[in-house]
1. If we scan region 64-86, do we find a residue that is without any contact (Cβ under 8 Å) to a residue 40 or more places away in the chain and within 26 Å of Ser196 (Cβ to Cβ)?
2. If you go through region 260-280, how many residues are within 11 Å of the ligand (Cβ to nearest atom), among the hydrophobic types (A, V, I, L, M, F, W, C) and closer than 18 Å to Gln345 by Cα?
3. Let me spell it out: the conditions are (1) more than 10 Å from the ligand (Cβ to nearest atom); (2) free of Cβ contacts under 8 Å to residues at least 60 places away in the same chain; (3) crowded, with 18+ Cβ neighbours inside 10 Å, and Pro250 meets all of them except one. Which number is the exception?
4. Please go through region 281-333 and give me each residue that is open to solvent by 10 Å² or more (accessible area, probe 1.4 Å) and in contact with a His (Cβ under 7 Å, 6 or more places away or on another chain), ordered by number.
5. Can Ser303 be described as within 16 Å of the ligand (Cβ to nearest atom) and of a type in the set (S, T, N, Q)?
6. Tell me, which strands (runs of 3 or more DSSP E) lie completely within region 170-248 with 2 or more residues that are more than 26 Å from Leu127 (Cβ to Cβ)?
7. What residue, among those in region 334-355 that are in contact with a Cys (Cβ under 6 Å, 6 or more places away or on another chain) and over 15 Å from Val368 (Cα atoms), is surrounded by the most Cβ atoms within 10 Å (Cβ to Cβ)?
8. Being at negative phi, more than 14 Å from the ligand (Cβ to nearest atom), open to solvent by less than 20 Å² (accessible area, probe 1.4 Å) and under 16 Å from the mean Cα position of the chain (by Cα) is the requirement here; does Arg195 meet it?
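The values are calculated or read from the model by the stated rules, or taken from the named source; none is laboratory data. These figures come from a predicted structure and were not determined experimentally. Glycine also receives a Cβ, built like all others from the backbone with ideal geometry; neighbour counts cover every protein chain displayed. Side chains included, ligands, DNA and RNA excluded: accessible areas come from the protein's heavy atoms. Shrake-Rupley method; radii C 1.70, N 1.55, O 1.52, S 1.80 Å.
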Amino acid sequence: MQINQIVNVDLVKQMNSAVVYKLIDRQGPISRIQISELSQLAPASVTKITRNLLARGLIKEVEQQQSTGGRRATSIVSEHKAFRTLLIHFGREELILAMMDLSTKLLKKQNLELPDTHEIALIEEYLIEQLEEFIRQNEKRGSELIAIGITVSGFVNSKNLIEDLPHFVLNEPWDLANRIANRFNLPTFIGQDVRSLALAEHYFGVTKDCFDSLLLRIHRGVGAGIVINHEVFQGYKSNAGEIGHIQVDPLGKRCLCGNVGCLETVVSNSAIENKMQQMLEDGYHSKWLSLESHDIEAICKASNKQDEVATELIEHVGVQIGRVLAMSVNMFNPEKIVISGEITQAKNILFAAIRKTLETHALPSFVVNTPLVASELHNEDVIGAFALIKRALWDGSLLKHLLAGQNDS
Ligand SMILES: [Zn+2]
């Protein structure tokens with residue numbers, strides 16, 4: 001490889017280490033020769049890089065029998081169990097702390113209620129206290145905590161500052177990630193929750209091999225994550241993907257964003273539950289649902305049992321989602337559309353309604369070959385934070401920290 005003199009040599013080393021680690025992590029078991037071929041790095045460079053990664057314990061050698069029955073070949077895999085990540089989800093109404101190893105195996109999860117205050121300083125104090133306790137309780141000898149990932153249900157700007165949080169008033173952007181990084185002396189990565197979830201879906205889920213895709217997350221709020229050319233599209237001004245705030249009902253309810261009749265006011269879990277409550281109060285009769293029991297899961301179950309009221313509501317929701325997705329499809333024609341959230345438990349009715357609306361509202365040639373699928377990810381609340389850490393391992397920014405001080409002669 002020819003190195004242009006103006007290129008920082010350390011940066012090149014870091015990039016090459018990241019390329020090798022990513023190949024091993026994604027494609028292992030893999031031999032050094034295969035790594036050299038796929039990365040276009042000289043065999044001597046691959047040997048040197050793998051030596052460093054081995055010394056740090058990030059990869060390990062495994063013996064593999066050649067398929068031709070020849071001598072045993074040494075292959076390499078990445079080490080998952082020896083490293084732990086601390087994950088934080090700062091939701092609209094809750095705080096979730098979790099620990100995962102590098103294979104996405106969930107080791108521990110704790111749901112906490114947010115303290116009853118709007119003072120950001122108090123919330124930060126509470127969060128740090130809880131984190132200290134959580135780390136203390138879940139320390140394990142022989143495994144190393146390497147990074148912290150945070151997702152928030154608000155906006156994060158390009159400087160990794162939180163700019164907006166639903167239900168909280170921020171007088172200035174909140175430097176939470178930096179404060180946590182300094183307090184715990186660990187590399188810390190932060191992102192908006194739905195965009196991070198789209199990244200997780202792309203790394204570990206149903207959009208794994210897609211060049212581009214759209215993930216629509218329906219939970220307490222409604223948002224999308226757009227993946228283009230294998231990366232989450234953030235946009236110059238950050239936070240692109242707020243399709244939950246496209247208006248679907250000009251006479252509808254007031255939205256948290258200040259506008260009226262946004263998609264979120266019609267299809268979020270609470271919007272669906274409130275609508276069902278209203279229908280039941282208006283005298284609609286359901287065999288499965290009552291004024292006491294009509295949460296999103298019960299509504300989905302009822303619709304799966306052909307309950308008329310539930311089916312009518314889910315179909316209405318599907319049509320509204322379909323209208324907004326049709327606009328999105330016309331805009332950027334994604335390879336695949338993924339729906340994530342409890343509502344996918346009513347997939348049969350919901351997806352039929354979405355598909356039908358897409359077919360009548362989007363360009364037919366765009367829709368015809370676009371799969372519409374439900375997310376199959378587990379731990380949707382924290383897997384996005386883990387994806388941010390995985391991205392940092394693969395792009396070299398976290399690997400740099402882990403390899404710092406290694407003798408690379
Ligand atoms: Zn809105």
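1. Yes, region 64-86 has at least one match.
2. So the count comes out to 1.
3. Only one criterion in (1) more than 10 Å from the ligand (Cβ to nearest atom); (2) free of Cβ contacts under 8 Å to residues at least 60 places away in the same chain; (3) crowded, with 18+ Cβ neighbours inside 10 Å is unmet by Pro250, namely (3).
4. Arg323
5. Working: within 16 Å of the ligand (Cβ to nearest atom): no; of a type in the set (S, T, N, Q): yes.
So Ser303 does not fit the description; no.
6. Numbers: elements: 188-192, 213-218, 222-228.
The qualifying strands (runs of 3 or more DSSP E) are 213-218, 222-228.
7. Residues of region 334-355 that are in contact with a Cys (Cβ under 6 Å, 6 or more places away or on another chain), as a first pass: 335-336, 345-346.
Then drop every residue that is not over 15 Å from Val368 (Cα atoms), which leaves 345-346.
Working: Gln345: 17, Ala346: 26.
Across region 334-355, the extreme among qualifying residues is Ala346.
8. Details: at negative phi: yes; more than 14 Å from the ligand (Cβ to nearest atom): yes; open to solvent by less than 20 Å² (accessible area, probe 1.4 Å): yes; under 16 Å from the mean Cα position of the chain (by Cα): yes.
So Arg195 passes the test.
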